[in-house]
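Read through the structure below, which is laid out as structure tokens, and then see the notes.
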Amino acid sequence: MIYWDYNAAAPLRPEVARALARAFTDGGFGNPSSVHQAGREARGRLDSARARVARVLGCEPKEVCFTGSGSEADALALKGAFLARPDPNRRRIVTSMVEHPTVLATLTQLEKQGAEVVRLKPGADGRVRAEAVLDALTPATALCSLMWANNETGVVQPVAEVARACRQRGILFHTDAVQVAGKLPLSLREVDADLLALSAHKFGGPAGAGALVVRKGVDVQALTPGHQEAGLRGGTQNVPYAEALALALELAQADQEATAARVGALRDAFEREVLASIPDVTVNGAGAPRVPNTSNLHVHGADGEALLIALDLEGICVSSGAACASGTLTPSHVLTAMGLTPAQAHGSLRFSLGPGTTEDEVERVVAALRTHVPRARALAAQDLA
């Protein structure tokens, strides 16, 4: 099998799998809130994991809140921060049209609670212009949310510049950094966000583990009340998963530069070969800065789902968009916001490479596309006839 869907879920790192096996078999089952010895041991492990995550990100341990996913972290950040600032004169939220579905759905819910949500359109390259965001930051703005890197196209947004502007204007800034770990340098010293979301299974940790950074002085109202996680998230913490997230993050960022260079070279070689050997293919997001592992290709005149299935039958795993939205007939909101028609969006596939990708895989995927693209185009033409 050739697995090129790392943006949906990265394989569990062997070191993380071994650590989890030890955690689940060595008796570490205490509740971190208990005062007895087993509870204190669990609390120590949880505190250590929190400190390790903070060390990588460049924040304080008490600013790290463990969650069950990146989606939960995003929802907690947006709802929690907005509801904790009940200022009737600051009800505006600025975001983009290419955010993760969880962010967009959460903001739609907040509109029903009185928020004014401004959704900015990206350019044809998928990048939202920093000037457009800054122009939208009025005195009535309470919160700005802009994802660091897009999950479908890999396009990197101008988060550092926007974060600085928000800080200067007293506006909270949230960024979904789920697709960044292991692909780009990840530091709150460079991107001064108030709220930052992570998801472990995107960088070699287990699914079901996430984290939200809530910077000191930022008020967030819990969605699940409780005393755990400094009152931000009620419920007994999953200590083994917190440790697994911390370890996966350390490993991903420790070899980030070397991995990004190698994977980026493979991604670029893949795009060169496809564009040179298959006519009428374009790269969605070309010309904008992108994370090095992601290639979103529009295969003109092809049925993307048919092409995806054909590749799957050859053991090649790719995606037709966000994993969270797969299984629906709705065209990608990211690609249509960039100006593609619904038909063009349906004719696009995402190829997301990772540390396990090889040169041989690149050659095999290109060869498969050479075979199956004409067939997918023929099928699409028959449907139109």
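Every number here is computed from the coordinates shown, using simple stated rules; none is lab data. Everything quoted here is computed from the prediction, not taken from an experiment. Note that each Cβ is placed from the backbone with ideal geometry, even for glycine, and that neighbours are counted across all protein chains shown.
Can you put C317, C59, C144 in order of Cβ neighbours within 10 angstrom, beginning with the fewest?
Lowest to highest Cβ neighbour count: C317, C59, C144.
Can you give the helix-only mean residue ellipticity at 222 nm for the chain, where every DSSP H stretch with n ≥ 4 adds -39500 (n - 2.57) and the sum goes over all residues, rounded to the nearest 500 deg cm²/dmol? Walk me through the numbers before you get to the answer.
On the way: 12 runs with 160 residues, N = 385.
After summing the helix terms and dividing by residue count, I get -13500 deg cm²/dmol.
DSSP loop GluC sites (Glu not before Pro) in region 188-296 with at most 15 other Cβ atoms within 10 Å of their Cβ, which ones? Walk me through the intermediate numbers first.
Numbers: sites: E190, E229, E243, E250, E257, E271, E273; in loops: E190.
The qualifying sites are E190.
Within the chain, how many Lys pairs that are eight or more residues apart, or on different chains, come under 23 Å at the alpha-carbon?
Final tally of qualifying lysine pairs is 7.
Hey, any idea what the orientation-averaged projected area of the convex hull of the chain's Cα atoms comes to, in nm²? Present the calculation step by step, with values, prior to reporting the outcome.
Details: hull surface 76.5 nm².
Hull-based average projected area comes out at 19.1 nm².
Taking the Cα centre of the chain as the origin, how large is its charge dipole in debye, to the nearest 20, when only Lys and Arg (+1) and Asp and Glu (-1) carry charge on their Cβ atoms? Don't skip to the end; give the middle numbers.
Numbers: 38 positive and 41 negative charges, 212 e Å.
Roughly 1020 debye, rounded to the nearest 20.
Taking only Cα atoms, what is the 0 to 90° angle, nearest 10, from helix 37-57's long axis to the longest principal axis of the chain?
50 degrees
With both bridge residues required to lie in the chain, what share of the DSSP beta bridges run antiparallel, to the nearest 5%?
Within the chain, antiparallel bridges account for around 55 percent of the total.
Given the options V103, L232, A130, identify the residue whose Cα lies farthest towards the positive end of the charge dipole of region 14-254 (+1 on Cβ of Lys, Arg; -1 on Cβ of Asp, Glu).
Most positive-ward Cα: L232.
Which distance in Å, rounded to a whole number, links the C-alpha centroids of region 126-187 and region 200-242?
21 Å
What does the highest-first list of 86-92, 104-110 look like by mean Cβ count within 10 Å?
Averaged packing, sorted descending, gives the order 104-110, 86-92.
What fraction of the DSSP beta bridges in region 64-193 is antiparallel, stated in percent and rounded to the nearest 5?
Within region 64-193, antiparallel bridges account for around 10 percent of the total.
Given the peptides 219-225, 183-189, arrange them by the average over their residues of other C-beta atoms within 10 Å, most packed first. Intermediate results must be reported in sequence, preceding the final value.
Details: 219-225: 16.1, 183-189: 18.3.
With the highest mean Cβ count within 10 Å placed first, the list reads 183-189, 219-225.
For V117, what residues show an amide H to amide H distance below 5 Å, using hydrogens built from the backbone and excluding near sequence neighbours?
Excluding prolines and chain starts, which carry no amide H, the hits are I93.
For the Cα atoms of the chain, what angle does the longest principal axis make with the long axis of helix 359-384, in degrees from 0 to 90, nearest 10?
It works out to around 70 degrees.
For helix 256-277, report the angle its Cα long axis makes with the longest principal axis of the Cα atoms of the chain; keep it between 0 and 90° and round to the nearest 10°.
That helix lies at roughly 20 degrees to the long axis.
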